[in-house]
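What follows is a short report on a single structure.
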Amino acid sequence: MKNEREKTKFKWNADDYARHSGVQQEWARELITKLNLRGDESLLDVGCGDGKVTAEIANHLKAGSVVGVDSSEGMIDLAKRNFPIHEYPNLKFQMQDARELSFNQDFDVVFSNAALHWVLDHRPVLQGIYRALKSNGRVVAQMGGKGNAALVIGVVNAIITQGQWKKFFENFAFPYGFYSPEEYAPWLHAAGFSAVSLELKPKDMVHENIEKFKGWVRTTWLPYLQRIPERLQELFINEVTEKYLQINPPDQSGKIHTVMQRLEYEAIK
């Protein structure tokens with residue numbers, strides 16, 4: 001029987017996410033530089049979200065082509081609106097689940113940033129990526145890894161076992177696939193990949209102010225928020241923020257920091 005998390009389809013607010021995902025975009029740009037693109041490759045972006053990162057990649061591939069896929073209809077609709085084919089003729093967006101990729105030897109490169117930790121079982125994801133790649137193709141990916149956002153998770157886990165929140169979290173299972181290199185390496189090997197690199201990378205996520213921090217919680221902590229009635233979600237976000245800032249206050253300029261751990265790998269088919 002599938003884990004409860006695997007059966008849940010989250011309701012993304014694509015426009016709100018687009019406004020509060022600047023840090024993810026910044027990290028994606030760092031990852032794009034590691035692709036060392038020639039400019040004529042075919043590339044698949046798995047978990048493309050609102051499409052802004054995918055469009056940046058398309059600008060690097062003027063003689064190539066890019067396909068962005070995401071399981072959220074709202075995200076794909078927003079991506080198509082913001083990056084229409086008449087302005088980006090080498091760019092397409094499709095609604096697909098990362099666990100059920102339909103491609104067969106279509107791409108030179110597969111890219112994924114800040115997306116795959118939304119999947120618990122990565123084996124079907126890696127099998128689909130392997131099928132999607134041409135011979136000697138490569139995948140470059142980064143996602144939340146073991147220990148990611150540990151302070152925030154500690155705060156949230158304490159809150160959901162107390163008071164008015166407890167009843168909403170009966171039989172709740174940890175919803176994210178945050179893995180270590182030691183856990184991930186066998187899956188890459190079993191899928192047929194040769195790992196070039198595989199490591200945990202600490203990152204400092206910086207939010208400009210309290211409202212930006214709340215925006216991040218509101219747009220990305222959906223497994224928790226969507227168990228709570230909508231009328232109580234803002235109250236929950238405020239409580240998470242208040243308790244987090246008690247143990248990790250803003251810096252002297254008012255910015256809020258969160259220590260993240262990112263699992264990053266490059267592998268060859």
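Before moving on, here are some points about what is shown:
- None of E211, E239 is over 21 Å from F172 (Cβ atoms), part of a helix (DSSP H, G or I) and not polar (S, T, N, Q) except E211.
- Single residue of the range 94-135 satisfying the filter (of a type in the set (F, W, Y) and within 17 Å of I57 (Cβ to Cβ)) that is surrounded by the fewest Cβ atoms within 10 Å (Cβ to Cβ): F103
- Qualifying residue in the range 36-55 (condition: free of Cβ contacts under 8 Å to residues at least 12 places away in the same chain and closer than 24 Å to L188 by Cα): yes
- Among residues of the range 167-198 being among the aromatic types (F, W, Y) and not in a helix (DSSP H, G or I), the one that is farthest from L263 (Cα to Cα) is F172.
- Among the residues of the range 219-236, those that are closer than 15 Å to Y176 by Cα, assigned to a helix (DSSP H, G or I) and among the hydrophobic types (A, V, I, L, M, F, W, C) comprise L222, L225.
- Screening the range 140-166 for residues that are without any contact (Cβ under 8 Å) to a residue 12 or more places away in the chain and part of a helix (DSSP H, G or I) and picking the one that is farthest from Y130 (Cα to Cα) gives G163.
Values quoted throughout were computed directly from the atomic coordinates according to the rules given, and no laboratory measurement underlies them. These figures come from a predicted structure and were not determined experimentally. For neighbour counting, all protein chains shown are included, and Cβ atoms are generated from backbone atoms with ideal geometry for every residue, glycine included.
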